[in-house]
Each structure stands twice: as C-alpha cells, then as structure tokens.
1. Answer yes or no: is there a residue in the stretch 299-315 that is over 18 Å from the mean Cα position of the chain (by Cα) and modelled with pLDDT under 95.
2. Can you name every residue in the stretch 34-44 that is under 28 Å from the mean Cα position of the chain (by Cα) and either without any contact (Cβ under 8 Å) to a residue 40 or more places away in the chain or in a loop (DSSP other than H, G, I, E, B) (or both)?
3. Go through (1) touching an Asp or Glu at 6+ places or on another chain (Cβ under 7 Å); (2) on the phi > 0 side of the Ramachandran plot one by one and return the number of the condition Ala568 breaks.
4. What's the total number of residues in the stretch 222-278 that are closer than 24 Å to Met165 by Cα and polar (S, T, N, Q)?
5. Contact list please: Cβ distance under 7 Å, first residue in the stretch 344-370 and on the phi > 0 side of the Ramachandran plot, second residue buried (at least 18 other Cβ atoms within 10 Å of the Cβ), pairs at least six apart or on different chains.
6. For the condition surrounded by 16 or more Cβ atoms within 10 Å (Cβ to Cβ), in contact (Cβ under 8 Å) with a residue 24 or more places away in the chain and farther than 30 Å from Ser442 by Cα, what is the one hit in Leu624, Leu601?
7. Which number in (1) of a type in the set (Ser, Thr, Tyr); (2) over 16 Å from the mean Cα position of the chain (by Cα); (3) buried (at least 24 other Cβ atoms within 10 Å of the Cβ); (4) closer than 18 Å to Val123 by Cα marks the one condition that Tyr340 misses?
Amino acid sequence: MSKAPAANIESHLKENRVFKPAKEFSAKAHIKSLAHYKKLWTESVKQPEKFWKKQAEAELIWQKPFTKVLQWKEPFAKWFTGGKLNVSANCLDRWLDSATANKAALIWEGEPATDGKPGEERVLTYKQLHREVCRFANVLKRNGISKGDRVIIYLPMVPEAAIAMLACTRIGAVHSVVFGGFSAQSVADRIQDCGAKMVITSDGGYRRGAVVPLKKNVDEALKLHDAAGQSLTQTIEKVIVLRRCANEVHMAEHRDVWWHRELDYVSDVCPAEKLDSEAPLFILYTSGSTGKPKGILHSTAGYLLGTKLTSKYVFDLRAEDVYWCTADVGWVTGHSYIVYGPLANGATALMYEGAPNWPEPDRFWRIIQKYGVTILYTAPTAIRAFMKWGDEWPKKHDLSSLRLLGSVGEPINPEAWMWYHNVIGGGRCPIVDTWWQTETGSIMITPLPGATPTKPGTATLPFFGILPEVVDDQGKPVPKNTGGKLVVRQPWPSMLRGIWGDNERYKQTYWTEVKGSYFTGDGCRQDKDGYFWIVGRIDDVLNVAGHRIGTAEVESALVSHPSVAEAAVVGRPDELKGQALVCFVTLKTGVKATPELKNELRNHIGKEIGPVAKPDEVRFAEALPKTRSGKIMRRLLKQIASGMEIKGDTTTLEDISVIAKLASGEE
C-alpha cells in the first residue's frame, strides 16, 4: 500500500444534482425514509453487538445457536462464535417447505450460437437446485473431498458454477473460484498457494462464438514447475470435467472424471454439515500489480449475513423480482450478488454466459425484455461501453420492467450515471451506486433506494454497522470536502478473516497504514451532507507539480465531453513536474480523431478541474485494454505511457491486439 501523503488530495468534481426517491417507491420499500435509515444506522454503530445479534438471529437458520457476537483482537475478528450453521442450507433447504420451493432460483441464458440461433436456456427452481447441489456434493465426497479441503472451480458462466460452489459449502470444503479468463499459470499459482486437492473445470466455455479451452488450460497448469523443478500443483488428486462445448479433451486416467458420469453413482440425499460460524468458506485471489496474488479468506456466518442483508436492503428485494447481476462468478461480485446474497433471500437470479455485445450490442437489453428483469446491477465500464455503442440499441427494446439500477466495481462518473438513469431507467429507476471490495465481502457504502437522495457520482452513505471515515496520514479526520484516505473504524461481520497462509501480509497490507483502522487503499472525500465520494485508489493519485490529483476525477471530466465514450488517465515520470498526465481516450462512434479535438479536450479538463490538471498528452485509442470482466488494465497503460516494454500477465485481456496498437502509437 502507498505511504504517500493523502490528506491533500485535491478534489475538484462539482456535482449539484440531487434525485430524491419517488414517493411510490419509498412507500413499498424495506427502508422508507432517510430518517428511518439514520435511526437504524446510528443504533448499528453505537451498539453494534446488539444490532448484529438481532440480525443474525432473525436472518439466518442456525443448527446450533451462537454464544458470543464478536471476539475482536485487532486485526482478527471472530463473529457469532459457538454457533453452527450451513450456507447451502441457508440458501436452499430453508425454502423447501415454502412456496419458494417451486420458484425459479436461477434463470440461465447461454451465449447465442455463431449461426444466429438463440442461446440455450435453463431454469432451476429452488427444489431442483437443492437436488443438483446434493448430488454434486456426493460426487465431491466420492472423489475424496471432505471438510476443510480446498477445491479450485474453473468454469464458464453456467449454472454448474453455482452448483459447485454450493456443493462445497454443503460439505464444508473451501472453494476458490478462478475466473474463466485466467491463464494456466494463474490456475497453477492458486493451486500452489492454497494446496487444492481438486479442480472442477469444463471441456470449454463459449466466448463471442469461440471455445475457450478450459480443460486444456488445466492440463497445462498441472504440468507447470517452479524454478527449482518442483511441481506447482502436486496437491491435485482429481479433476472433474463438465461437458459444455463437446470439444475434444484429454482425460488422464485415474485423475480426470466426467461430471455427468459421476452423477450416475450418487444419490440426491446429502445432509448439510454443521459448520462452525468461523469455518473457512472460500478463498478468492485478488491479483496485485506486483507480487503473488493475495488469497482473501472469508468465513461462514458473518459473510452470509453481510451478503443477505445488503441484497435485501440495497436492492430492496421483493418476492416477484427478476434480479440480474452481470458479473462473473469468478469475482467477488458474482459470489456475493449472484449466488449467496440472492439465494439466501429466496430471490430469482439471472445468469448470462456471454459478452454484452455478442452477437450485437443490444444483447443485455434483449435479455431484460425477454425475462422481464426488474433489477440490473452492472459496472460503470459496461455502462460507458453502452453509451459508446449508441442509444439506438437500448431503444429497440422494452425496458419498462426495470425498477432499480445498480452500479459496482469502480466510481461511476456523473455523465455515465445520468445516461444510465435517463436511457436505461427511463428517468424513473433509482440508482444504487455501491462501494465495496473483495476484502469487505459485502456492500459498505450505498444508497438505500427508498430512503437516500442520490447525487450522480457518489456512493452516498454507509450501510448498517459500517463506520467509514476520511482521514489524513496521522489517522485524524479531515474537514468536509477535503481529500484523504478512506478507512473503516469498526469490524463488520463480512470482513475478510485474513490472507490465506499469510497473517503478516494481512496485517501489513490493511492494518498498519492508519493505526486501529482498516485501510481500504482508496482516496475519498465527504461532502457537506456526509456523502462519500471515492476519488480512486491512493496508488492512482498522481503528484503533478506539487498537486495531488485523483485520476478518477480527470477521467470523469473527459467523459463529460460530448465526443468522449471512455477514458483512462495514468501518470508518466516527468523531470520537471514529477509526474505528467497522459490521457487515453476512446471517442464515440462517428467522431473523428483530430489534433483540434486533442486541444479541445485538454482545455475542457482545464475548465472542468483547473489548469493544473491539463494533460501533457492526449492519445486517441480505438479501444482500451480491458479484462474480460471489463476492468481497464491501467498497469499496462502506465507502461505504454512511459515507453516501457509491456511486462506482466496479459492473459486476462479481452483483446490482446488493443495493446499492440497502443504500444505502436497507432491512432
């Protein structure tokens, strides 16, 4: 984590538009007013143990009641100790004796075929999903997996990904999902770090009409060695392979087995294990720009409570909702808000396998119309891509079923927020702009749609039980509208329990920057209403001629220009200023890249933010380098801006040719 001073981050974004919740929405909402929210939040931070005890008893099904709400020995938390429960039982079994049993738990839409035929569709009711999870849990046991064993899940976006996760939780195995866009090396590194006994994969997955060879990647991963010649994956005993694409794969005797064949040998009865409230639930690796990936560890009861409560209140979930989170299950958003949070609430969650613009840029809007989606939770990167593709695509479809929109993954710039509000939400849907992290497990700062007046570009106010603060380097609160470091002052149930196998790294990374507080790594300011404005990672704050400028604000200013679809801003070393600002800009369809436009954009930033933020260089790019999850790989842009050789893993890039073009200076 950066040790650079953060208290004088300059924040120039001016946003005065306020959108109050509609009276009709508030009348039906779980939390109906700002006063109602403030009363509950105050109780939750002043008497956190009392608050969380009440929530845990009301929301979760316990096989054995807990005896203590919180044991806190900084930086290690234990929540609901003495209690026993099972995540799978809380997501599935609890609904079997109710009307929810025959309701859709998962609706799955496969990627459309290359010949124009529609993708496959599957619907699993709670009863059917329960049966499939029990069967696969028995397959895991039959193949030597028991409580505490680590299992790598490397699958496409198919229902079996959720089934595998829930089956692990049913028997107490610890899952680690690896995003299907990651390379063989990434898979091997994760196997080595957590000592996994099994990989669950697929012959392949579909992506834009092509087959991604997942099983082949696993075979390669299992052959990799370290510099000393030691196998990185010697702990693997079994590989279970799902048939998805019917592409040819190698099956190693005694090690590899087919998912569908294994189901023939097992029953559909598998009682849920009684697991300790603090039993490890999953490890999810976050790749840093340097060093080995960090295995973020989450445990059972606290994580489940956090995801259940936030799903219920942030999305204002109702029995009739069709809820669609567009993330991949390989990321924490997919864990918390496709699988665990919605299912723990008895909701209907939609899963989609393919890309948002395959075969055409109206794919999302087609799906919303087809299934009558009521809640859409997606990323600002996707929203800006939709803006670039043009309003005509959403306008082809009836989006009137939508009643709530959500944003996740990074700060959303005001222009994208307004487009989302007007074009997708028809001006009638509240937007919940959520701030949280892999480490936090669940949403931390967010509007509640029936209660919180929203402003474009801010995640607004903290969720129940969350006590964030903006501080200087000494850990002292900074005045309103001053930039600083975002910290969290109190433990919360869904917080990470450590970094797998490395407690020292956990302490150093999150608990040494600001004494006695969890350091988020983000820069932030609070406005006069107490709303939190995230200004980007502290590592992305640039020191330009003595001014500390958050790249997120410069990007936001660029995107507010009518010609710009998307922008990424990085720094390169500069002898005179310390750092120079380099802007990579993708223009809207039909806009010509000209030297005059470059000048106009430089002046636009000067006007919006101030002369100090005028970029030294504006580079037009046909596209920006992104991972398949839609995150811009700024690390690569920094290398290009500095004229360096491209280093580091690029296997997660959606389109490798983007980097080649940028590096060659093509515009």
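1. no
2. From the stretch 34-44, those under 28 Å from the mean Cα position of the chain (by Cα) are 34, 37-38, 40-42, 44; that's our starting set.
If the condition is that a residue be under 28 Å from the mean Cα position of the chain (by Cα) and either without any contact (Cβ under 8 Å) to a residue 40 or more places away in the chain or in a loop (DSSP other than H, G, I, E, B) (or both), then Lys38, Thr42 are the ones that fit.
3. Unmet condition: (2).
4. Number satisfying all stated conditions: 5.
5. Gly346/Trp95; Gly346/Thr100
6. On the way: Leu624 fails: farther than 30 Å from Ser442 by Cα.
Being surrounded by 16 or more Cβ atoms within 10 Å (Cβ to Cβ), in contact (Cβ under 8 Å) with a residue 24 or more places away in the chain and farther than 30 Å from Ser442 by Cα holds for just one of Leu624, Leu601, which is Leu601.
7. (2)
A quick yes/no check of all residues on (1) modelled with pLDDT under 85; (2) over 28 Å from Pro468 (Cα atoms); (3) charged (D, E, K, R); (4) in a loop (DSSP other than H, G, I, E, B):
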{"residue": "Cys524", "(1), (2), (3), (4)": "no, no, no, no"}
{"residue": "Leu558", "(1), (2), (3), (4)": "no, yes, no, no"}
{"residue": "Lys592", "(1), (2), (3), (4)": "no, yes, yes, yes"}
{"residue": "His604", "(1), (2), (3), (4)": "no, yes, no, no"}
{"residue": "Lys607", "(1), (2), (3), (4)": "yes, yes, yes, no"}
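The values are calculated or read from the model by the stated rules, or taken from the named source; none is laboratory data. Predicted, not measured: the structure shown is a model, and the values here were computed from it. For neighbour counting, all protein chains shown are included, and Cβ atoms are generated from backbone atoms with ideal geometry for every residue, glycine included.
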